[in-house]
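The values are calculated or read from the model by the stated rules, or taken from the named source; none is laboratory data. Keep in mind it's a predicted model, so treat the numbers as computed, not measured. All Cβ positions, glycine included, derive from the backbone under ideal geometry; neighbour counts span all protein chains shown.
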Amino acid sequence: MTIRHGEARWQGSLKQGSGRLRLGSGVFEGAYSFPSRFETGAGTNPEELIAAAHAACFSMALAAILERAGLAPTRIRTGARVHLGLGEAGPAITRIEIDTAGEVPGLDDAGFEAHARTAKATCLVSRALSVIPITLTARLDAVDAIPTVEGP
(Lines give C-alpha, C1' and ligand atoms only; values in the text may rest on other atoms or scores of the structure.)
Protein backbone atom coordinates (compact mmCIF):
# COMPACT_ATOMS: atom_id res chain seq x y z
CA MET A 1 0.00 0.00 0.00
CA THR A 2 0.91 3.64 -0.26
CA ILE A 3 2.66 5.57 2.49
CA ARG A 4 1.85 9.27 2.91
CA HIS A 5 3.87 11.67 5.03
CA GLY A 6 4.05 15.16 6.35
CA GLU A 7 6.46 17.07 8.48
CA ALA A 8 6.46 19.85 11.04
CA ARG A 9 9.07 22.16 12.52
CA TRP A 10 8.63 23.97 15.84
CA GLN A 11 10.80 26.65 17.44
CA GLY A 12 10.47 28.00 20.93
CA SER A 13 8.20 27.34 23.86
CA LEU A 14 4.63 26.07 23.60
CA LYS A 15 2.84 29.42 23.94
CA GLN A 16 5.42 31.79 22.45
CA GLY A 17 6.87 29.48 19.82
CA SER A 18 5.80 28.91 16.25
CA GLY A 19 6.11 26.31 13.58
CA ARG A 20 5.54 25.36 9.98
CA LEU A 21 4.01 22.19 8.69
CA ARG A 22 4.23 20.74 5.23
CA LEU A 23 2.47 17.99 3.36
CA GLY A 24 4.84 15.41 1.94
CA SER A 25 3.63 16.15 -1.59
CA GLY A 26 4.63 19.78 -1.15
CA VAL A 27 1.23 21.11 -2.27
CA PHE A 28 0.65 22.78 1.10
CA GLU A 29 2.88 24.41 3.67
CA GLY A 30 1.62 26.64 6.45
CA ALA A 31 2.37 28.29 9.74
CA TYR A 32 0.94 27.11 13.05
CA SER A 33 1.18 28.31 16.62
CA PHE A 34 -0.45 28.05 20.02
CA PRO A 35 -2.94 30.83 19.09
CA SER A 36 -3.83 29.18 15.75
CA ARG A 37 -4.45 25.91 17.51
CA PHE A 38 -6.08 26.77 20.82
CA GLU A 39 -7.30 30.33 20.29
CA THR A 40 -8.25 32.31 17.17
CA GLY A 41 -4.82 33.25 15.82
CA ALA A 42 -3.73 33.25 12.20
CA GLY A 43 -2.37 30.06 10.68
CA THR A 44 -3.44 26.45 10.49
CA ASN A 45 -3.41 23.61 13.01
CA PRO A 46 -3.42 19.81 13.08
CA GLU A 47 -7.16 19.64 13.81
CA GLU A 48 -8.02 21.77 10.77
CA LEU A 49 -5.96 19.42 8.63
CA ILE A 50 -7.78 16.44 10.16
CA ALA A 51 -11.10 18.10 9.29
CA ALA A 52 -10.06 18.65 5.67
CA ALA A 53 -8.70 15.10 5.38
CA HIS A 54 -11.87 13.66 6.88
CA ALA A 55 -14.12 15.66 4.53
CA ALA A 56 -12.08 14.60 1.50
CA CYS A 57 -11.95 10.92 2.48
CA PHE A 58 -15.66 10.83 3.30
CA SER A 59 -16.60 12.42 -0.05
CA MET A 60 -14.56 9.86 -1.97
CA ALA A 61 -15.96 6.96 0.08
CA LEU A 62 -19.51 8.15 -0.55
CA ALA A 63 -18.84 8.50 -4.29
CA ALA A 64 -17.52 4.92 -4.39
CA ILE A 65 -20.53 3.59 -2.45
CA LEU A 66 -22.97 5.39 -4.76
CA GLU A 67 -21.14 4.07 -7.83
CA ARG A 68 -21.29 0.49 -6.51
CA ALA A 69 -25.05 1.01 -6.07
CA GLY A 70 -25.36 1.94 -9.76
CA LEU A 71 -25.73 5.67 -9.11
CA ALA A 72 -23.70 8.51 -10.62
CA PRO A 73 -23.30 11.47 -8.26
CA THR A 74 -23.05 14.83 -9.99
CA ARG A 75 -21.50 16.46 -6.96
CA ILE A 76 -20.73 15.75 -3.30
CA ARG A 77 -19.75 18.51 -0.88
CA THR A 78 -18.63 17.67 2.64
CA GLY A 79 -17.57 19.78 5.58
CA ALA A 80 -16.14 18.51 8.85
CA ARG A 81 -15.89 20.26 12.20
CA VAL A 82 -13.30 18.96 14.64
CA HIS A 83 -14.10 19.93 18.24
CA LEU A 84 -11.36 20.45 20.80
CA GLY A 85 -12.10 20.17 24.48
CA LEU A 86 -10.54 19.12 27.72
CA GLY A 87 -10.41 15.45 28.56
CA GLU A 88 -8.97 13.67 31.58
CA ALA A 89 -5.50 13.77 30.02
CA GLY A 90 -5.76 17.41 28.86
CA PRO A 91 -6.75 18.87 25.48
CA ALA A 92 -8.46 16.33 23.23
CA ILE A 93 -10.47 16.01 20.06
CA THR A 94 -13.89 15.43 21.61
CA ARG A 95 -16.01 14.90 18.49
CA ILE A 96 -16.26 15.46 14.76
CA GLU A 97 -19.34 16.62 12.88
CA ILE A 98 -19.64 15.72 9.20
CA ASP A 99 -22.10 17.65 7.03
CA THR A 100 -22.53 16.38 3.49
CA ALA A 101 -24.78 17.36 0.63
CA GLY A 102 -24.96 15.90 -2.81
CA GLU A 103 -26.64 15.85 -6.17
CA VAL A 104 -27.39 12.27 -7.18
CA PRO A 105 -29.91 11.76 -9.99
CA GLY A 106 -32.38 8.98 -9.24
CA LEU A 107 -31.79 8.96 -5.48
CA ASP A 108 -34.16 10.15 -2.75
CA ASP A 109 -33.24 11.72 0.61
CA ALA A 110 -33.57 8.48 2.57
CA GLY A 111 -31.34 6.63 0.11
CA PHE A 112 -28.71 9.36 0.20
CA GLU A 113 -28.68 9.35 3.99
CA ALA A 114 -28.35 5.56 4.07
CA HIS A 115 -25.38 5.63 1.68
CA ALA A 116 -23.83 8.48 3.70
CA ARG A 117 -24.13 6.42 6.91
CA THR A 118 -22.26 3.60 5.15
CA ALA A 119 -19.56 6.07 4.06
CA LYS A 120 -19.22 7.32 7.66
CA ALA A 121 -18.71 3.75 8.87
CA THR A 122 -16.25 2.76 6.13
CA CYS A 123 -14.25 5.90 5.26
CA LEU A 124 -10.58 5.30 6.15
CA VAL A 125 -10.30 8.49 8.20
CA SER A 126 -13.57 7.79 10.05
CA ARG A 127 -12.25 4.36 10.93
CA ALA A 128 -8.90 5.78 12.06
CA LEU A 129 -10.69 8.29 14.29
CA SER A 130 -13.39 5.93 15.53
CA VAL A 131 -12.44 6.35 19.19
CA ILE A 132 -14.29 9.70 19.25
CA PRO A 133 -17.95 10.43 18.41
CA ILE A 134 -18.52 11.33 14.76
CA THR A 135 -21.96 12.72 13.88
CA LEU A 136 -23.37 12.97 10.37
CA THR A 137 -25.87 15.25 8.63
CA ALA A 138 -26.64 14.19 5.06
CA ARG A 139 -28.99 15.70 2.50
CA LEU A 140 -29.60 15.97 -1.20
CA ASP A 141 -29.59 19.49 -2.57
CA ALA A 142 -28.28 21.67 -5.35
CA VAL A 143 -26.32 24.26 -3.36
CA ASP A 144 -23.05 25.29 -5.02
CA ALA A 145 -21.19 26.05 -1.80
CA ILE A 146 -19.42 23.59 0.47
CA PRO A 147 -21.36 23.25 3.74
CA THR A 148 -20.20 25.86 6.24
CA VAL A 149 -17.68 24.66 8.80
CA GLU A 150 -17.47 27.77 10.94
CA GLY A 151 -16.14 27.76 14.47
CA PRO A 152 -18.30 27.45 17.58
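Condition first: surrounded by fewer than 15 Cβ atoms within 10 Å (Cβ to Cβ), modelled with pLDDT under 95 and either of a type outside the set (F, W, Y) or touching a Lys or Arg at 6+ places or on another chain (Cβ under 9 Å) (or both). Can you find one or more residues in region 97-105 that meet it? Yes.
Being exposed (fewer than 15 other Cβ atoms within 10 Å of the Cβ), over 18 Å from A52 (Cβ atoms) and either modelled with pLDDT under 95 or out of contact with any strand residue (DSSP E or B) (no Cβ under 7 Å at 6 or more places or on another chain) (or both) is a property that A128 lacks. Any residue at all in region 28-38 that is surrounded by fewer than 12 Cβ atoms within 10 Å (Cβ to Cβ) and without any contact (Cβ under 8 Å) to a residue 24 or more places away in the chain? Within region 28-38, not a single residue is surrounded by fewer than 12 Cβ atoms within 10 Å (Cβ to Cβ) and without any contact (Cβ under 8 Å) to a residue 24 or more places away in the chain.
Under the condition of being more than 20 Å from Y32 (Cα to Cα), among the hydrophobic types (A, V, I, L, M, F, W, C) and not in a loop (DSSP other than H, G, I, E, B), the residues counted in region 42-85 number 12. When residues in region 1-30 are screened for being within 19 Å of V82 (Cβ to Cβ) and assigned to a strand (DSSP E or B), 6 of them pass.
In region 64-80, the residues that are of a type in the set (S, T, Y) form Cβ pairs under 8 Å with partners that are assigned to a helix (DSSP H, G or I), at six or more places apart or across chains, as follows: T78/A55; T78/A56; T78/F58; T78/S59; T78/L62.
Taken as a whole, the structure leaves A64 outside the set of residues that are at pLDDT 95 or above and within 22 Å of A8 (Cα to Cα).
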